[in-house]
1. Considering only residues that are in contact with a strand residue (DSSP E or B) (Cβ under 6 Å, 6 or more places away or on another chain), more than 25 Å from residue 414 (Cα to Cα) and assigned to a loop (DSSP other than H, G, I, E, B), which ones fall in region 357-392?
2. So for region 256-272 (the condition being under 24 Å from the mean Cα position of the chain (by Cα), in a loop (DSSP other than H, G, I, E, B), crowded, with 19+ Cβ neighbours inside 10 Å and in contact (Cβ under 8 Å) with a residue 24 or more places away in the chain), does at least one residue qualify?
3. Among the residues of region 318-334, count how many are assigned to a strand (DSSP E or B) and touching a helix residue (DSSP H, G or I) at 6+ places or on another chain (Cβ under 9 Å).
4. What number of residues within region 393-412 are crowded, with 19+ Cβ neighbours inside 10 Å and assigned to a strand (DSSP E or B)?
5. Quick check: anything in region 174-189 farther than 25 Å from residue 359 by Cβ and either at pLDDT 90 or above or assigned to a loop (DSSP other than H, G, I, E, B) (or both)?
6. From the list 116, 112, exactly one residue is surrounded by 17 or more Cβ atoms within 10 Å (Cβ to Cβ), touching a helix residue (DSSP H, G or I) at 6+ places or on another chain (Cβ under 8 Å) and within 20 Å of residue 400 (Cα to Cα). Which is it?
7. When you scan region 80-89, do you find a residue that is at pLDDT 95 or above, closer than 16 Å to residue 123 by Cα and assigned to a strand (DSSP E or B), even just one?
């Protein structure tokens with residue numbers, strides 16, 4: 001195994017020890033319910049809050065030591081995030097409504113483009129080498145009994161294709177699935193998720209206590225790829241729209257269980273991966289689609305809160321225009337591994353991303369054949385909620401066959417992630 005720099009290892013060990021040694025507060029710490037996936041969950045409406053307005057400020061830092069991939073070395077990533085929410089019922093009697101706005105600053109250091117090189121991004125706060133200071137989400141959400149409607153700039157990852165046990169992990173493969181995350185390439189700047197979001201309309205309908213459906217229609221182009229620091233709404237035939245729908249089942253007898261199935265599709269224009277026109281130009285088509293199925297459940301319950309959860313997700317996409325056309329991820333997450341640490345979590349997961357045959361054939365024809373058909377990631381992590389404003393999380397990742405590039409060695413990452421934040425009631 002490659003030699004690991006002592007500075008990063010020491011930070012990881014100290015983080016884990018300090019987390020285990022700390023005595024927990026009586027109340028649930030903010031860090032325990034936010035989840036490690038900084039941008040996979042936004043503040044839910046708090047009906048017990050004493051005031052109509054809430055403001056959350058959070059600084060997130062990550063120190064990584066990378067061996068293999070594109071480049072061996074150390075990197076420090078940072079993100080400053082601000083979330084403001086207004087309960088319209090408490091503010092001026094408009095029951096069931098909520099305004100939400102979020103912005104962030106992100107540094108230009110990048111694991112995926114400067115060190116790791118994998119298709120499955122290793123950090124949730126990575127902006128692929130772009131310094132960004134921008135509006136991230138801004139929407140109005142209205143609850144009407146069994147129906148919930150949302151309109152505005154929106155990250156679809158916060159509500160689609162995810163389960164709760166996934167949110168402890170950092171690699172993008174576990175945020176939802178890589179087939180969906182990699183969709184929208186070839187000019188559409190990917191789906192509407194961090195850091196580039198699009199105008200969206202989302203509707204959710206509760207059918208019964210166990211069944212619900214949700215769907216969203218979004219601008220097909222998630223901001224401008226040329227100007228990543230600004231928000232753009234680009235609606236035309238070339239970019240089209242992105243539609244997604246999902247059915248969820250949560251049995252009444254097992255509220256920690258969730259089964260989901262979804263389908264998504266673009267109407268915009270895409271370059272095919274291995275097709276040319278008579279004049280030799282790249283053949284283009286309108287439309288790209290895919291889907292996913294997944295489930296999560298409590299496998300072992302030590303107490304009502306503490307126990308072992310597991311998840312599995314399978315995704316697929318049109319191989320004609322998508323580099324990743326199939327993916328599977330699965331993992332385990334244990335909440336409260338120590339009696340004195342009921343809100344800490346430990347997890348291990350793996351993800352396999354399958355590379356489409358058209359892409360592999362195109363690379364071979366270009367004289368740069370791929371080194372295989374799959375990229376595999378394994379991640380192990382421990383999230384320690386130190387107190388109500390600090391959370392520390394050592395993390396280890398190993399990626400085999402990154403980007404199926406024969407020039408890249410298997411990649412080993414070790415690091416520590418921390419969050420400093422506070423929720424203000426105004």
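1. Within region 357-392, 373 is the sole residue that qualifies.
2. Looking for residues that are under 24 Å from the mean Cα position of the chain (by Cα), in a loop (DSSP other than H, G, I, E, B), crowded, with 19+ Cβ neighbours inside 10 Å and in contact (Cβ under 8 Å) with a residue 24 or more places away in the chain, one finds none in region 256-272, hence no.
3. Here the count works out to 8.
4. 7
5. Keep residues of region 174-189 that are farther than 25 Å from residue 359 by Cβ, which gives none.
No, the conditions are met nowhere in region 174-189.
6. On the way: 112 fails: touching a helix residue (DSSP H, G or I) at 6+ places or on another chain (Cβ under 8 Å).
It is 116.
7. Yes, region 80-89 has at least one match.
Here's the yes/no breakdown for (1) in contact with a helix residue (DSSP H, G or I) (Cβ under 6 Å, 6 or more places away or on another chain); (2) over 30 Å from residue 152 (Cα atoms); (3) modelled with pLDDT of 95 or more:
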residue: 237; (1), (2), (3): no, no, no
residue: 263; (1), (2), (3): no, no, yes
residue: 282; (1), (2), (3): no, yes, no
residue: 285; (1), (2), (3): no, no, no
residue: 291; (1), (2), (3): no, no, yes
residue: 300; (1), (2), (3): no, yes, yes
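The values are calculated or read from the model by the stated rules, or taken from the named source; none is laboratory data. Note that this is a predicted model, so its numbers are computed, not measured. We place every Cβ from the backbone using ideal geometry, glycine too, and count neighbours over all the protein chains shown.
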